[in-house]
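Just below is one structure, and these are the notes that go with it.
The values are calculated or read from the model by the stated rules, or taken from the named source; none is laboratory data. Treat the numbers as computed from the prediction; the structure is a model and nothing was measured. Note that we place each Cβ from the backbone using ideal geometry, even for glycine, and neighbour counts take in every protein chain shown.
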Amino acid sequence: MQKLLLFVDKISTWVGQAFSFFIVALTLHVTWEVFSRYALDAPRAWAFDVMIMFYGTLFMMAGAYTLSKNGHVRGDVLYGFLQPRTQAGLDLLLYIVFFIPGVIALTYAGYYYAADSWRINEHSNITYEGPPVYPFKTVIPIAGAFLLAQGIVEIIRCIVCLRDGAWPSRAVDVEEVDVDKLKAELHVKDEDIARLDQYVVRRVETK
């Protein structure tokens, strides 16, 4: 069971990391549009549409990734003080009552929403030369499907936690730097850092 949970985690992580490159594409697109508009005096009417599509795609496709890392916003001020079983019971209730119905509705409606867009060859009407919208709308049911799969995994985690009294492990992605391990690998001691700090302070004072 744990292998299955981690497998879905890895899929969500891969999808999130793959679509994270939309940040680079969006940055390059905005940079070129600013340069084109103000330096070349050649603005593109469809540029704003593409910015929205890039950001929307990134936002939607990162949902399952964020859920797999337990990174969505919650009231941690109270939640963090609860016992794991209490946390799991609360999460399970919210997943069943709100999450599952909402994501199923999103995926179901998004499918027909995208299908209609493909059928009519829909283009953006914000500008006169608006780009096609149907690829962007196709992201909605796809993102919903990934989010639903990850949500089912989270429900299983809640059930496991209710049974065992502890949260099962998650797939590891980005970790904070282990300072002690880094100092050991570089053979740096606290005394060396202290001497370097004193040297820097003396140099600043003498200037």
- Note on the structure: So the helices (runs of 4 or more DSSP H) completely within region 1-84 holding 3 or more residues that are in the same structural domain as Y134 (by TED's automatic domain parsing) and surrounded by 12 or more Cβ atoms within 10 Å (Cβ to Cβ) are 2-19, 22-38, 47-61, 63-68
- Query: Could we say that G110 is touching a Ser or Thr at 6+ places or on another chain (Cβ under 6 Å), buried (at least 16 other Cβ atoms within 10 Å of the Cβ) and in contact (Cβ under 8 Å) with a residue 12 or more places away in the chain here?
  - Reply: no
- Which is of a type in the set (F, W, Y), under 22 Å from L147 (Cβ atoms), in contact (Cβ under 8 Å) with a residue 40 or more places away in the chain and out of contact with any strand residue (DSSP E or B) (no Cβ under 9 Å at 6 or more places or on another chain), of Y65, Y55? Y65
- Message: Exactly one condition in (1) out of contact with any Asp or Glu (no Cβ under 9 Å at 6 or more places or on another chain); (2) within 25 Å of C158 (Cα to Cα); (3) small (G, A, S) is false for G16; which is it?
- Response: (1)
- From V153, V97, V160, which residue is of a type in the set (V, I, T), free of Cβ contacts under 8 Å to residues at least 40 places away in the same chain and either under 17 Å from L5 (Cα atoms) or surrounded by fewer than 19 Cβ atoms within 10 Å (Cβ to Cβ) (or both)? V97
- Only residues that are among the aliphatic types (A, V, I, L, M) and either farther than 25 Å from K69 by Cα or modelled with pLDDT under 85 (or both): list them for region 7-42, please. L28, V30, V34, A39, L40, A42
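The rows are residues; the columns are (1) within 20 Å of the chain's Cα centre (by Cα); (2) modelled with pLDDT under 95; (3) more than 30 Å from A45 (Cβ to Cβ).
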{"residue": "K69", "(1), (2), (3)": "yes, yes, yes"}
{"residue": "L82", "(1), (2), (3)": "no, yes, yes"}
{"residue": "T107", "(1), (2), (3)": "yes, no, yes"}
{"residue": "A143", "(1), (2), (3)": "yes, no, no"}
- Kindly check whether there is at least one residue in region 97-116 that is within 28 Å of P168 (Cβ to Cβ) and of a type in the set (D, E, K, R). no
